Amino acid sequence: MNLLNLNHLICSKKLKPFDLSKFILKKIENILFKNYFINIDYNYVKKQCLYSENLLLNNKHNFLTGVPTSYKDVFSTKNIQTTAGSRILKNYNSFYNSTFINKLNNLGVINIGKNNMDEFCVGSNTFNFFFGVADNSLNKNSTAGGSSGGSVFLVSKNLLPFSIGSDTGGSVRQPAFLNNIIGFKPTYGLISRYGMFSYSSSMDTVGVFSKSVLNISLVLNAITGFDIKDQTTFNLTKEDYTRYLNKNWLLNKINFKKLNGLRIGISKKFFNNTYSFLIRSNIENVLLNFEFLGAKIVFVDILFFDFIVTVYNVISSSELHSNISRYNNNFLFNETSFFKNKKNFFNSLSINCKNRFFIGKYLISSDKNKKYFFLSKKIRTLIIENFKKNFFFCDIILLPTLSCNSWNSLNFSFNKILIDKYTSVSNLTGLPSVSIPSKIYKYKSFNFCKGFQIIGNYFSEARLIQIIYEYKKIFL
Ligand code: GLN
């Protein structure tokens, strides 16, 4: 679903926002049992449709007016319940909207519901024990990825033009990869996190799912920017993320090859633990394709690449502990009876959350924090400096999104550390990165996804969009 086409239909009054939302909600009714949504409020959808039709009547419309979308349930919304995928918050009503949701609401975007997710964003499967398991959109019984797994289904089935999730260690890029769509994680601090439930505050970012990169650039145009309520956002001049589309990389008119001059960084370390042959061969193909478009390949050294997941796990677990212990009012760990009491906060968490929470508690305890948490933060600074240096020699870094193509959601035995190996890099450093799908590989009615990930320099979103646009034009 292309936003420009949709906008044309809506503005020329061939399609009413109300009819479009009704059509999508009808489709969802049939698949509701698949747990892609946690909350849908039909009356609220109606109200939003009236508002967007009013905007159209008064000629105050924009590219996004009347367009339906859905948000991961981690973003606070005033009119629908917000649960963060947790049983503890099942009846929670927020009294304010997230900043970016306010921006989209003002433009007349219609929120059709809140998507399922892993509890407090911890996990890579959308295995929600309370709200159900979300399935993959391509294969039965294989995982949708996570933690924003509920948000991808409708986008992947072409029912929504875009959807919004959050990315702490790959939650946008992993499900996007496994469902064959684009997952875009911008620079940390580009989009306001106000109103979002925190998992790891120093790494959380709002991310966008879509099938078309043009949609992503239009959505970014609408939701990025400084927010006085979020101290981590940057006060930069407003950018137009579509400005490089259809231009050469070097911005001159002489080159016939569109990406002539682009330097792609790659490291041998990326392939040390790549188990799947399909992933390796796909990356080699992608590099050849880029060379065909005029790009050059440069070898870079990524410092501590094999420890990046460990550093990520230490920092995210510690921050998770301090972020979610606020939902608890009585927390004593010393008594063994505590673990047996089923009614307390700790025991009502899902297994994933429990593990991370427990480890986080240990890592930031006053006598251990120097050894683990602060050491990890020091290593993180070194990793960031190394990446800054690498971007003198290359414009983007290309790496796999995941080290396998899919895994069965029923007997999940894939090495959990390897899952976040390639995606957590850009969260630790705060760099923007995108997962881009390649062609699907079919084997006996099973669809294997293929794709790759690119990481750009800070605030180079417009350039990343240009690269994906040129690449997809020819190779997809
Ligand atoms: N799988 C990762 C984790 O559990 C990433 C989750 C996320 O990005 N929210 O930490």
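The values are calculated or read from the model by the stated rules, or taken from the named source; none is laboratory data. All values reported here derive from a predicted model rather than from experimental measurement. Reconstructed Cβ throughout: ideal geometry from the backbone, glycine too, with neighbour counts over all protein chains shown. In case anyone asks, the SASA skips ligands and DNA or RNA and just uses the protein heavy atoms, side chains included. Shrake-Rupley method; radii C 1.70, N 1.55, O 1.52, S 1.80 Å.
Annotations for the structure displayed:
- Qualifying residues in region 427-457 (those that are assigned to a strand (DSSP E or B) and free of Cβ contacts under 8 Å to residues at least 12 places away in the same chain) - the one most open to solvent (accessible area, probe 1.4 Å): 442
- Matching residues, region 219-244, being over 21 Å from the mean Cα position of the chain (by Cα) and surrounded by 17 or more Cβ atoms within 10 Å (Cβ to Cβ): 244
- Any hit, region 66-85, residues being farther than 20 Å from residue 192 by Cβ, surrounded by fewer than 20 Cβ atoms within 10 Å (Cβ to Cβ) and out of contact with any Leu (no Cβ under 6 Å at 6 or more places or on another chain): yes
- The strands (runs of 3 or more DSSP E) found entirely in region 176-270 that carry 3 or more residues being out of contact with any Lys or Arg (no Cβ under 8 Å at 6 or more places or on another chain) are 205-210.
- Test: residue 251 is surrounded by 14 or more Cβ atoms within 10 Å (Cβ to Cβ), among the hydrophobic types (A, V, I, L, M, F, W, C) and out of contact with any strand residue (DSSP E or B) (no Cβ under 8 Å at 6 or more places or on another chain): no
- Among the candidates 154, 138, 178, the residue that is surrounded by fewer than 24 Cβ atoms within 10 Å (Cβ to Cβ) and hydrophobic (A, V, I, L, M, F, W, C) is uniquely 138.
- Among residues that are closer than 23 Å to residue 21 by Cβ, assigned to a loop (DSSP other than H, G, I, E, B) and away from the ligand (no atom under 16 Å from the Cβ), residue 138 is not included.
- Hey, residue 198 over 23 Å from residue 23 (Cβ atoms), within 11 Å of the ligand (Cβ to nearest atom) and open to solvent by 20 Å² or more (accessible area, probe 1.4 Å) or not: yes
- Here is the figure for region 385-404: residues that are open to solvent by 30 Å² or more (accessible area, probe 1.4 Å) and under 22 Å from residue 452 (Cα atoms) total 3.
- Hey, residue 310 open to solvent by less than 80 Å² (accessible area, probe 1.4 Å), within 16 Å of the ligand (Cβ to nearest atom) and not aliphatic (A, V, I, L, M) or not: yes
- Taking each residue of region 172-198 that is closer than 23 Å to residue 387 by Cβ and looking for partners that are within 16 Å of the ligand (Cβ to nearest atom) and open to solvent by 10 Å² or more (accessible area, probe 1.4 Å) with beta-carbon atoms closer than 7 Å, six or more apart or interchain, yields 174/124.
- All positions within region 103-130 that are within 16 Å of the ligand (Cβ to nearest atom) and either without any contact (Cβ under 8 Å) to a residue 40 or more places away in the chain or in a loop (DSSP other than H, G, I, E, B) (or both): 116, 117, 118, 122, 123, 124, 125, 126, 129
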